[in-house]
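Novice: So that we are looking at the same thing, I have put the structure below in structure tokens.
The values are calculated or read from the model by the stated rules, or taken from the named source; none is laboratory data. Everything quoted here is computed from the prediction, not taken from an experiment. Reconstructed Cβ throughout: ideal geometry from the backbone, glycine too, with neighbour counts over all protein chains shown. Only protein heavy atoms, including side chains, enter the accessible area calculation; ligands, DNA and RNA are left aside. Shrake-Rupley method; radii C 1.70, N 1.55, O 1.52, S 1.80 Å.
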Amino acid sequence: MKVKQLSVFIENRKGNLAPVLSHLSRGGVDISALSLADTSDFGVLRLIVDKVELAQKILSEDGVIVKVTEVLAVVMNDHPGGAAEVVNILADNHVEIEYMYACAGKTLGKALMIVRVDDPAKAEEILCANGFGDTKANEIYRI
Amino acid sequence: MSIRNPEIECMPREQIVAMQNERLVAQVKRCYENVECFRKRMDEAGLTPDDVHGVEDLSKLPFSYKSDLRDYYPFGLFATPMSEIVRVHASSGTTGKRIVVGYTKNDLAMWADCVARMMEAVGLDERDIVQVSYGYGLFTGGLGAHGGTEALGATVIPMSSGNTSLQIQTMVDFGATALCCTPSYALYLGEEIERLGLKDQLKLKAGIFGAEPWSEDMRLQIQEKLGLKAYDIYGLSEILGPGVACECECQAGMHVWEDHFIPEIIDPDTCEVLPEGESGELVFTTITKEGFPLIRYRTRDICSLNYEKCACGRTHVRMRKPSGRSDDMLIIRGVNVFPSQIEEVLLRVSGGDITPNYQIVVDRVNNTDTFDVNVEMSETLFADDIRSIEAVEKRITSGLRDMLGISAKVHLVNPKTIARSEGKAKRVIDNRKY
Ligand SMILES: [Zn+2]
């Protein structure tokens, strides 16, 4: 299932991450998944939030560089091998994963995986066919 | 103290002026006839060569600028046919385009003589062995010092720059008595020699150092570490290269060879000539150069002139070490760097119409210049994945290296983190001490 992700540029220096997160929380934005990829110089903070446009507005107004990208959100069972199963399905069908991150869900027994792939349409179709496509957008944020 | 050409170098002021009058009139005529850029400016100012009778008319003449060298790239400012040009040199300009200068046979002889004069002024003669560790090639430093050493009749070791251990071994084995290089490289060599404990094997007595700003403190350190006397030289490729001016053994300012160059000091804002002794922008007119003459060339270096006769006996005017620039040029590791060059690279990499905000930070660590460029992240530079951002960083780094010939450390920083004053970002932070 396609969802919108916020990507935020963060210079890799002490105290640069906290303001971004606190601005969002003050604005009433709820973060359901988060990952931070970094080098020694900078990082890219990736967020799945409940109010994408609001979050983007809050950050842009604060001078933060933010981009909205489309990624796939997959709800899977939170048990050993749950993530491997999803990754294997994509690999078997020659879909390349650019990056991914996962978090345990609020609902017991469910976990959320965010995947960025080279061919999102194909990936979505394959995942649906394998029983991973029945989650609606608004449900993602409750997982 | 020995003087290479006492008749010229110790010429009374009125004779110097008489010589300059004659040469200036001829040079203006030649430039007017052969250099389109100069002729146009004269026409625009309503002047003809007949309006110029001598040095007192110099201040009427139009200025020439570094940008002229770019606009007439590569050979458009030469005053002789290419058949008479026997050598060209080039250096970086204010933007991506290099600037090119050309020399006739006579120019090369004049250049070598100027450098030989300065070598003799620091106490060298034909018995000396001179290690030239300026870069050889398009840069004027190496070949300029080389030609002068040969004209003096001393032995030249054409080392060029780099390969420090070979430099030191050569210096020791060949018994070099003089060294020509940038002051920062001299200090670096001195430190290496100190580390290797080779100072007592050196025969160096004089060092001729230029092409970048250096402090009195650096001079003392170099002298201590290399056991020589360190002399300051001044030159720029547009005018000649090394040898335009140099300290004598009295070390009380750099003698400008006035039989070839007329210096003026102007207020860079009003462009008025300033009274003797005042500090302002140095302007040069080359009165004997054939291939690439320049009338009233704005050097952008800030200094003052002293016309008093020197204790060494020379009468030629002495310029003080430049105290700064009237433009934003930086000299980093001996290379001229203009913020406009960095802007050009950033604009190209971002592919947009707006130059990303940036800041140049220069410092000196272990006698080597550090060169950092902070670039504010922007919508156009940002991408969702690390690899693309790293690729942007690499494109800027290699773009700068291609443009400048030296490496910069590029850092992508948060937007709006580069300090601004009155809305304008501070482009350059130079923490080096001179
Ligand atoms: Zn003197």
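Novice: Looking at B:Arg314, B:Arg318, can you tell me which residue is within 16 Å of the ligand (Cβ to nearest atom), touching a helix residue (DSSP H, G or I) at 6+ places or on another chain (Cβ under 8 Å) and in contact (Cβ under 8 Å) with a residue 40 or more places away in the chain?
Specialist: Sole residue among the options that is within 16 Å of the ligand (Cβ to nearest atom), touching a helix residue (DSSP H, G or I) at 6+ places or on another chain (Cβ under 8 Å) and in contact (Cβ under 8 Å) with a residue 40 or more places away in the chain: B:Arg314.
Novice: Got a number for residues in segment B:178-202 being surrounded by fewer than 23 Cβ atoms within 10 Å (Cβ to Cβ) and not in a helix (DSSP H, G or I)?
Specialist: 4
Novice: Considering B:Arg395, B:Arg420, which residue is at negative phi, free of Cβ contacts under 8 Å to residues at least 24 places away in the same chain, open to solvent by 40 Å² or more (accessible area, probe 1.4 Å) and not assigned by TED's automatic domain parsing to the domain that holds B:Arg98?
Specialist: B:Arg420
Novice: Which members of segment B:252-264 meet the condition of being open to solvent by 10 Å² or more (accessible area, probe 1.4 Å) and in contact with an Asp or Glu (Cβ under 8 Å, 6 or more places away or on another chain)?
Specialist: B:Gly253
Novice: Kindly list, by first and then second residue, each pair from a residue in segment B:103-126 that is closer than 16 Å to B:Val256 by Cβ to a residue that is within 15 Å of the ligand (Cβ to nearest atom) and assigned to a helix (DSSP H, G or I), limited to pairs with Cβ atoms under 7 Å and residues at least 6 apart or on different chains.
Specialist: The qualifying pairs are B:Arg117/B:Glu9.
Novice: Additional query: Can you find a residue in segment B:337-351 that is more than 14 Å from chain A (Cβ to nearest Cβ), within 17 Å of the chain's Cα centre (by Cα) and away from the ligand (no atom under 16 Å from the Cβ)?
Specialist: yes
For (1) more than 30 Å from B:Val25 (Cβ to Cβ); (2) β-branched (Val, Ile, Thr); (3) not assigned by TED's automatic domain parsing to the domain that holds B:Cys181, each residue gets a yes or a no:
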position: B:Leu196; (1), (2), (3): yes, no, no
position: B:Lys205; (1), (2), (3): yes, no, no
position: B:Ile208; (1), (2), (3): yes, yes, no
position: B:Met218; (1), (2), (3): yes, no, no
position: B:Lys229; (1), (2), (3): yes, no, no
position: B:Val244; (1), (2), (3): no, yes, no
position: B:Glu258; (1), (2), (3): no, no, no
position: B:Ile266; (1), (2), (3): no, yes, no
position: B:Tyr297; (1), (2), (3): no, no, no
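Novice: With open to solvent by 10 Å² or more (accessible area, probe 1.4 Å) and more than 14 Å from chain B (Cβ to nearest Cβ) as the only criterion, which of A:Leu24, A:Leu34, A:Leu17, A:Leu90 stands out?
Specialist: Going through A:Leu24, A:Leu34, A:Leu17, A:Leu90 in turn, just one is open to solvent by 10 Å² or more (accessible area, probe 1.4 Å) and more than 14 Å from chain B (Cβ to nearest Cβ): A:Leu34.
Novice: Right, here's the next one. Can you name the condition, by its number, that A:Ala84 falls short on among (1) in contact (Cβ under 8 Å) with a residue 12 or more places away in the chain; (2) more than 10 Å from every other protein chain (Cβ to nearest Cβ)?
Specialist: So A:Ala84 meets the others, but not (1).
Novice: While we're looking at this one, here's another question. Run down B:Asp51, B:Asp68 and say which single residue is within 30 Å of B:Gln341 (Cβ to Cβ) and touching a helix residue (DSSP H, G or I) at 6+ places or on another chain (Cβ under 8 Å).
Specialist: B:Asp68
Novice: So which of A:Val95, A:Val66 ends up being crowded, with 18+ Cβ neighbours inside 10 Å, closer than 29 Å to B:Glu393 by Cα and within 14 Å of chain B (Cβ to nearest Cβ)?
Specialist: A:Val66
Novice: Related question: When you check A:Ser60 against the structure, is it without any contact (Cβ under 8 Å) to a residue 12 or more places away in the chain and within 11 Å of chain B (Cβ to nearest Cβ), yes or no?
Specialist: Yes; evaluated as a whole, the condition is true for this residue.
Novice: With respect to B:Asn357, is the statement that it is over 26 Å from A:Leu17 (Cβ atoms), more than 11 Å from chain A (Cβ to nearest Cβ), of a type in the set (S, T, N, Q) and surrounded by 14 or more Cβ atoms within 10 Å (Cβ to Cβ) true?
Specialist: So B:Asn357 fails the test.
Novice: Here's a follow-up. Here is a list: B:Leu274, B:Leu282, B:Leu305. Which entry is away from every other protein chain (no Cβ under 14 Å), touching a residue at least 40 places away in the same chain (Cβ under 8 Å) and more than 16 Å from the ligand (Cβ to nearest atom)?
Specialist: Step by step, each of B:Leu274, B:Leu282, B:Leu305 is checked, and only B:Leu282 is away from every other protein chain (no Cβ under 14 Å), touching a residue at least 40 places away in the same chain (Cβ under 8 Å) and more than 16 Å from the ligand (Cβ to nearest atom).
Novice: Of B:Asp372, B:Asp384, B:Asp363, B:Asp301, which residue is under 17 Å from the mean Cα position of the chain (by Cα) and of a type in the set (Asp, Glu)?
Specialist: Result: B:Asp301 is the single residue among B:Asp372, B:Asp384, B:Asp363, B:Asp301 that is under 17 Å from the mean Cα position of the chain (by Cα) and of a type in the set (Asp, Glu).
Novice: Any chance segment B:364-372 includes a residue that's within 11 Å of chain A (Cβ to nearest Cβ) and either surrounded by fewer than 17 Cβ atoms within 10 Å (Cβ to Cβ) or touching a Gly at 6+ places or on another chain (Cβ under 9 Å) (or both)?
Specialist: The answer is no, given that none of the residues of segment B:364-372 is within 11 Å of chain A (Cβ to nearest Cβ) and either surrounded by fewer than 17 Cβ atoms within 10 Å (Cβ to Cβ) or touching a Gly at 6+ places or on another chain (Cβ under 9 Å) (or both).
Novice: It is to be established whether one or more residues within segment B:302-315 are open to solvent by less than 10 Å² (accessible area, probe 1.4 Å), among the aromatic types (Phe, Trp, Tyr) and closer than 30 Å to B:Asp107 by Cβ.
Specialist: no
Novice: Next question, about the same structure. Give me a count of the residues in segment A:7-35 that are under 24 Å from A:Met100 (Cα atoms), at pLDDT 90 or above, assigned to a loop (DSSP other than H, G, I, E, B) and not acidic (Asp, Glu).
Specialist: Going through segment A:7-35 one residue at a time, the tally reaches 1.
Novice: Can you name the number of the only condition in (1) open to solvent by 20 Å² or more (accessible area, probe 1.4 Å); (2) out of contact with any Gly (no Cβ under 6 Å at 6 or more places or on another chain); (3) over 23 Å from A:Ala123 (Cα atoms); (4) among the β-branched types (Val, Ile, Thr) that A:Ile58 fails?
Specialist: The single condition A:Ile58 does not satisfy is (2).
Novice: So A:Val71 clears everything in (1) more than 16 Å from B:Val413 (Cα to Cα); (2) within 11 Å of chain B (Cβ to nearest Cβ); (3) touching a helix residue (DSSP H, G or I) at 6+ places or on another chain (Cβ under 7 Å) except one condition, right? Which one?
Specialist: Condition (3) is where A:Val71 drops out.
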